Every structure is written in structure tokens, then in C-alpha cells.
Amino acid sequence: GNSVTQMEGPVTLSEEAFLTINCTYTATGYPSLFWYVQYPGEGLQLLLKATKADDKGSNKGFEATYRKETTSFHLEKGSVQVSDSAVYFCALRPSYNTDKLIFGTGTRLQVFP
Amino acid sequence: DTAVSQTPKYLVTQMGNDKSIKCEQNLGHDTMYWYKQDSKKFLKIMFSYNNKELIINETVPNRFSPKSPDKAHLNLHINSLELGDSAVYFCASSQDDGRGYTFGSGTRLTVV
């Protein structure tokens, strides 16, 4: 089946620290992979995506590389800010002929000054 | 503003009541969804409609009934509300081009 596994949070960092949030997936076929961010009290926003192996998605200083060999899509940022504090969701779209997204359980990031 | 908008933002109601949550998107997207987010932030798809037709219906109690009068609207009606229905419900839409979803800001439903 299709599923997404994320590291449990919360992840607590000081400002300007390096961030990694792990995400691995299982899927049949050729999924697309996404990271969404949910700021407090808001809906989810698309942060970045990758549609095929070795693609790198990037946005707002965040990056994630689609690694088919390790079935991973880890989210990284070189220097986090307090404003990055949010819940981050990894998600996969199982194949090209469906728009159904399967989400991971979310990882809360807390950045302190 | 182009967006997915849902109303109400907050809904507090007693067990046994019937309530509706409305969702509208003005993005011209073909597909709309309802997701439920529980207290642990876990997101699970409930329904998906494409051009007013039901595409996905996950194992959701039949007390939940989606209604899509046109492709820009997907409303969620819930009968006989139970305590376990308390959650945040998110509406979303997409264009079937793999770019991902646009989410509404959520409706926090509290059943007391």
C-alpha cells in the first residue's frame, strides 16, 4: 500500500540552526512527493514538491530531494528562523492518475530565539 | 482574492445535532476534497469530488454526507453529531495536474 512515515516531533531548535525533518514513504508505482506547512490556526500550504526521482524541490530556503533508492524525501533548511515554527507534513500522490494525497502524521517544529 | 474559503471557522454544537460546513473555491479547480484533522494533527481524507461527481469516499460513517451543487462548491453535512466528530475539517481543491492542493483555513468543530 501507500504510506508516509515522518519523524515524531516536536523538533526544537535555536534560531539559525540546521533543520532536518525525515520522511520516508512506501508506494506502488511512481509517486509525487510534497511537503506542506501548517502555521498555527491556519490551513496547510504547499511548501515544495518533487515529481520524479532525483528531483529537488525548494522554496523559502527549504529543500528536499526525492531519493528513490532510500524511498525518502527529507526536508532540510540551513538556518531556521522563529517564523518557521509550524507543523510540517510530508505527503505523497500515489500516481499520475489520481490527485489523492496521503499525508504523514506531521512534525511540529519549534524555533526559539 | 483567489482562494478556498470555508465557513464557519468555528462550530460548537451539542451531541445529536445536525450541522453543515460550506466550502467554496474560486480557483477553477476540477477536484475538491474534505479532510479531517484529529487532535494529534493526523490528516485523513474523507471525500473527493471531481466536477460534482464523487471520486473518493473513505470509510466515513454515513452520518457524513458531502454535497456538491457545482464544481466550485463542496459542502459537508453531518447528522447526529457525536463527541468523536470533534476535529478540524479542511476543505481543499486541486486542478488534477499534480501541483498539489490549495487548502481552506479549516473549521474547528467541537461537539459537547
Taking A:K49 as the anchor, which lysines have their alpha carbon closer than 22 Å to its alpha carbon, excluding any fewer than eight residues away along the same chain? A:K60, A:K68, A:K77, A:K100, B:K41, B:K44
Result for segment B:54-112: accessible area per residue, probe 1.4 angstrom, in square angstrom, of 44
Compute the Rg/Rh shape ratio of segment A:1-62: radius of gyration over Kirkwood radius, all on alpha-carbon atoms. 0.98
Tell me: how much accessible area in total is hidden between A and B, 1.4 Å probe, Å², nearest 100? 1500
A correct Stokes-Einstein calculation for chain A, using the alpha-carbon Kirkwood radius, 10 °C and 1.306 mPa s, returns a whole-number D in µm² s⁻¹ of 114
Share of carbon and sulfur in the accessible heavy-atom surface of segment B:10-52 [1.4 Å probe, %]: 45
Positions from segment A:73-113 whose accessible area shrinks by 40 Å² or more when the full protein complex is built, not the chain alone, probe 1.4 Å: A:D99, A:K100, A:L101, A:F103, A:T105
For chain B, what D do you get in µm² per second when you plug the Kirkwood radius from alpha-carbon pairs into Stokes-Einstein at 25 °C and 0.890 mPa s? 176
Of every hundred units of 1.4 Å-probe accessible area on segment A:74-113, the number belonging to carbon and sulfur atoms, as a percent, is 53
Segment B:26-85: Rg to Rh, with Rh as the Kirkwood radius over Cα pairs: 0.99
Near B:K52, which aspartates and glutamates are there with a Cα under 19 Å away, not counting those fewer than 8 places off in the same chain? A:D99, B:E24, B:D30, B:D70, B:D96, B:D97
Inter-probe distance in nm under a simple model that places probes 7 Å from Cα toward Cβ, at B:L54 and A:K60: 3.6
Translational diffusion coefficient of the protein assembly as shown at 37 °C, 0.692 mPa s, Stokes-Einstein with Kirkwood Rh over Cα pairs, in µm²/s as a whole number. 182
Segment A:1-101 accessible area per residue, 1.4 Å probe, protein heavy atoms, integer Å², reads 47
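The values are calculated or read from the model by the stated rules, or taken from the named source; none is laboratory data. These numbers were taken from a predicted model, which means no experiment stands behind them. All Cβ positions, glycine included, derive from the backbone under ideal geometry; neighbour counts span all protein chains shown. Surface areas here come from the heavy atoms of the whole protein model, side chains and all, with no ligands, DNA or RNA. Shrake-Rupley method; radii C 1.70, N 1.55, O 1.52, S 1.80 Å.
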